[in-house]
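Down below is the structure, laid out as structure tokens.
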Amino acid sequence: MMNKKILIAILSAAILMISSAAVFASHNDKYSVGAVYAMTNDASSNEVVIFTRNNEGVLTNAGSVSTGGAGSGGGLDPLASQGSLVLSKDRRWLLAVNAGSNDISVFRVLPNGLKLVDRVGSGGKFPVSLTIFHDLVYVLNAGMSPTVNGFYLSHKGNMIPLAGSTRSLGTGAFSQVGFDPQGRRLVVTNRADNEILVYSVRRNGRLVMNPAVSVSNGLVPFGFIFDGQGYLQVAEAGSGAVSSYNILRDGTLQVISPSVVNGQAATCWIAGNESGDVFTANTGSQSISAYEHKAGKGTLALLNATAGVGNRPIDMAIPVNGRYLYALDPADGGIDMFQIERDGSLTDLGTVSVGLSIFAQGIAAR
């Protein structure tokens, strides 16, 4: 039987090791507790720029990694989309579109960076938006003959095309593809025809052949998110507003809050957290608006039309802790940083400028 003094010594040492580890983790958290990713969308060599995030929400440039493909280049907002750079829910994988080479890159998220593990054709022309539900991925190809195409994401990060998953979208200009929180619906916005398409997702991952098509409550539906209860919230670039909807059993949309206006211009992008804070990037007004929604009801209310200011903020992302908002701002060559306060207001944390070009697009945060 082990001597009592020896047992006490071992236990004391173990406690000391655990305490030291906790202190070490806390010390590291002060300097780096998360990351934000932005895509250059460069036409010659697309890259993902990595930023580390400290526990005060401030970002630091940590280098970049090539996607292996080509972006589109062009001017401000050349992809005209939301969701061109997305993280899986478990934060293990980062997916990026390469609109210039018509393919998708998959990165494994590592503690100290990213590792490119796969690159596969998107199944169409000019991919602009991605969505992930567990191991099911859909891409929106917005070029000639627009389509959505499905893939399986393997546990090794390989993208496997899903046979029979391609669906033609017809005519229009399409900005985002996205799953609802249960993965039972796939939504696509058509900004040209002021329509929102809803596909039912079958158990095999394929979509029904024909979507339910609803007319957007406001003009130019662009980016969208879902709240925790599954209500759809759509930014309306032409109305300077956000509308919220309930998706009915047949896939049609029931308006809850119709076009809650913010008085700003080009309200294209939208982001939200689990606390009910919702934000829009209004590129034409160089502003960010703050909204709130009521849990369980899906209703929206404007808190502050100009809660934040940037040069030309576009894509936005909120990390999993819900405490910070990051807006890609190509006109400033970097990312605008904000802290989300408990009342839903924003505190400006400055801009981290790294020389991103005007055609940078896509942002994700963990």
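The values are calculated or read from the model by the stated rules, or taken from the named source; none is laboratory data. Remember, predicted model here, so these are calculated numbers, not experimental data. Every residue, glycine as well, gets a Cβ built from its backbone with ideal geometry; the counts of neighbours run over all protein chains shown. What goes into the accessible areas is simple: the full protein's heavy atoms, side chains included, and nothing from ligands, DNA or RNA. Shrake-Rupley method; radii C 1.70, N 1.55, O 1.52, S 1.80 Å.
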Seminar exercise, completed: Going through (1) crowded, with 24+ Cβ neighbours inside 10 Å; (2) of a type in the set (G, A, S); (3) closer than 23 Å to G34 by Cα one by one, G350 fails only at (1)
For this session: Say whether the condition of being in a strand (DSSP E or B), open to solvent by 10 Å² or more (accessible area, probe 1.4 Å), out of contact with any Leu (no Cβ under 8 Å at 6 or more places or on another chain) and over 19 Å from S72 (Cα atoms) is met by at least one residue in region 127-138.
Result: yes
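Can you work out which of the residues in region 244-280 that are in a loop (DSSP other than H, G, I, E, B) and among the hydroxyl-bearing types (S, T, Y) is farthest from V208 (Cα to Cα)?
Of region 244-280, the ones in a loop (DSSP other than H, G, I, E, B) are 248-252, 262-266, 273-276.
Imposing the further condition that a residue be among the hydroxyl-bearing types (S, T, Y) reduces the set to 252, 275.
Values: T252: 14, S275: 33 Å.
If we take residues in region 244-280 being in a loop (DSSP other than H, G, I, E, B) and among the hydroxyl-bearing types (S, T, Y), then S275 is farthest from V208 (Cα to Cα).
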Seminar exercise, completed: A364 meets each of (1) open to solvent by 20 Å² or more (accessible area, probe 1.4 Å); (2) closer than 22 Å to N112 by Cα with one exception, condition (1)
Exercise. Residue check, F179 against (1) without any contact (Cβ under 8 Å) to a residue 60 or more places away in the chain; (2) over 22 Å from I363 (Cα atoms), all met but one. Which one?
Worked result: (2)
For this session: Go through region 193-202 residue by residue and tally those that are more than 19 Å from I270 (Cβ to Cβ), assigned to a loop (DSSP other than H, G, I, E, B) and touching a residue at least 12 places away in the same chain (Cβ under 8 Å).
Result: 1
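Residues to consider are S168, S175, S154, S145; find the one that is open to solvent by 20 Å² or more (accessible area, probe 1.4 Å) and in contact with a Pro (Cβ under 9 Å, 6 or more places away or on another chain). Show your work before the answer.
On the way: S175 fails: open to solvent by 20 Å² or more (accessible area, probe 1.4 Å); S154 fails: in contact with a Pro (Cβ under 9 Å, 6 or more places away or on another chain); S145 fails: in contact with a Pro (Cβ under 9 Å, 6 or more places away or on another chain).
From the options S168, S175, S154, S145, the qualifying one is S168.
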Seminar exercise, completed: Of the listed residues (A301, A331, A295), the one being of a type outside the set (V, I, T) and modelled with pLDDT of 95 or more is A301
Exercise. Across region 183-192, what is the total count of residues that are assigned to a loop (DSSP other than H, G, I, E, B) and either acidic (D, E) or closer than 27 Å to G240 by Cα (or both)?
Worked result: 2
Exercise. Which residue out of G218, G205 is outside any strand (DSSP E or B), within 18 Å of V139 (Cα to Cα) and either open to solvent by less than 10 Å² (accessible area, probe 1.4 Å) or touching a Gly at 6+ places or on another chain (Cβ under 7 Å) (or both)?
Worked result: G205
Exercise. How many residues does region 238-283 contain that are open to solvent by 60 Å² or more (accessible area, probe 1.4 Å) and closer than 20 Å to L219 by Cβ?
Worked result: 5
Exercise. Which condition number in (1) part of a strand (DSSP E or B); (2) in contact with a Pro (Cβ under 8 Å, 6 or more places away or on another chain) is the one that L76 fails?
Worked result: (1)
Exercise. Pairs under 6 Å by beta carbon, first residue in contact (Cβ under 8 Å) with a residue 40 or more places away in the chain in region 298-313, partner surrounded by 21 or more Cβ atoms within 10 Å (Cβ to Cβ) and in a loop (DSSP other than H, G, I, E, B), six or more apart or different chains?
Worked result: G298/Y231; L302/N262; A305/N262
